[in-house]
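One structure is given here, and the rest of the page talks about it.
The values are calculated or read from the model by the stated rules, or taken from the named source; none is laboratory data. Model, not experiment: these values are computed from the prediction. Don't worry about glycine lacking a Cβ; one is built from the backbone with ideal geometry, like all the others, and counts go over all protein chains shown. When the accessible area is computed, the model is the full protein with side chains, heavy atoms only, and any ligands, DNA or RNA have been set aside. Shrake-Rupley method; radii C 1.70, N 1.55, O 1.52, S 1.80 Å.
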Amino acid sequence: MKRLALALLAAAWLLVAGPALAAENSLHTMTGGSFGVAWIGAQGAVYRSDGRSAPAVLLPDFRAYKLIAADLDGDGKDELALLDDANKSLFVFDFDGGELAGGYGSNVAELSAGKCSPDEKFDSILACTFTGVSYRWTVEVGNQHWHELPGDFVGAAAAELDARNRVAEFATVARGDVYAFNPQWKAYSQLLMGRDARSVIAGDLSASPGDEVVAACGDDAALVLCTRGRAEELNERAACLAVGKPAEGRAKLFVVTPQGQIKRYDRDAKTWTPLSDTAGWANVVLCDTDGDGLDELYALKKDSPKVLYRFDPEKKTFQPVE
């Protein structure tokens, strides 16, 4: 799947959802979709903004651990999948009806979303548990038996790594290595070995067919770009990863560095551009909130988790959404 905007842990994933694009970042604490932007603030409170109005608490009585946007029922509009902080169970919030359903499963450590075959109209949730077992969840499954997946990956990002053959895959992290996982064939292939990868995200970053995967590796979160057969050092470190398409052309990689600065990577030019003059940033995500087919860049600061900021490309500054 062509990823235009992400994010996990990289994440990471980006899914086509009607006129807007579901987006995530590598921390899975901030996400974007057809409903706008949602994120987890202090004490697990869930906030949401449509990108034009000031943020508001979405679920007053819910405390979240992770979240991600996905079109789980195939209607072209995104729902919000969440893990509660207490039991790490899966919940789904439907913006159409304003209803929260769930309590599905427990002990889920990370969640990802994407299509498990190129012909599916709905997204699936890939859930990685604290016990090292991974599952696929769909709306039809509900609280019944989840589909167990082979392997013990701890993070994933939806990707179209084989664009010529339209194969839906996920870039996964297992025991510090990065693999491409095909959920239809339940098969893995190696992407990056021996680098102690911690998180991944994927996107259509170059003119070559298919998405490329970026992994944050080791304690210092050094970034490595990997495709089948090769790896490339990006000479930067990241506490948070996201991918999006804020302008015509290819998607771009965005990071929050360990020092709290936001930067953009141009794959063709192989250059990093700082977007923030100061540090103190914690989270970024990209999604199309105005329907023009291009993504807007949204960010959160460490000391003000209730305030959402949007990047103004003309002024080249971040402005609060009010």
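Of note:
- First in the range 174-186 and over 15 Å from Leu126 (Cβ atoms), second anywhere and surrounded by fewer than 18 Cβ atoms within 10 Å (Cβ to Cβ) and among the acidic types (Asp, Glu), Cβ under 9 Å, 6 or more apart: Arg175/Asp152; Gly176/Asp196; Asp177/Asp196
- Residue in the range 58-76 that is open to solvent by 20 Å² or more (accessible area, probe 1.4 Å), aromatic (Phe, Trp, Tyr) and farther than 30 Å from Gln319 by Cβ present: no
- Looking only at the range 122-136, and only at residues there that are under 20 Å from the mean Cα position of the chain (by Cα) and farther than 12 Å from Asp73 by Cα, the one that is surrounded by the most Cβ atoms within 10 Å (Cβ to Cβ): Leu126
- Candidate set from the range 265-322 (those that are of a type in the set (S, T, N, Q) and part of a strand (DSSP E or B)); member that is modelled with the lowest pLDDT: Ser304
- The set of residues from the range 227-257 being among the aliphatic types (A, V, I, L, M) and surrounded by fewer than 24 Cβ atoms within 10 Å (Cβ to Cβ) comprises Ala231, Leu234, Ala239, Ala247.
- For the range 301-322, filtered to residues that are of a type in the set (D, E, K, R) and touching a Gly at 6+ places or on another chain (Cβ under 6 Å), the residue that is surrounded by the most Cβ atoms within 10 Å (Cβ to Cβ) is Lys301.
- Looking only at residues of the range 90-128 that are acidic (Asp, Glu) and in contact with a Leu (Cβ under 7 Å, 6 or more places away or on another chain), we find that the one that is farthest from Leu59 (Cα to Cα) is Asp123.
- Residue among Ala247, Ala251, Ala216 that alone is modelled with pLDDT of 95 or more and small (Gly, Ala, Ser): Ala216
- Any hit, the range 190-198, residues being outside any loop (DSSP other than H, G, I, E, B) and surrounded by fewer than 18 Cβ atoms within 10 Å (Cβ to Cβ): yes
- Exactly one residue out of Arg195, Arg228 is more than 26 Å from Gly280 (Cβ to Cβ), touching a strand residue (DSSP E or B) at 6+ places or on another chain (Cβ under 9 Å) and modelled with pLDDT of 95 or more, and it is Arg195.
- Scanning the range 105-121 for residues that are farther than 19 Å from Ala38 by Cβ and surrounded by 16 or more Cβ atoms within 10 Å (Cβ to Cβ) turns up Gly105, Ala109, Lys115, Cys116.
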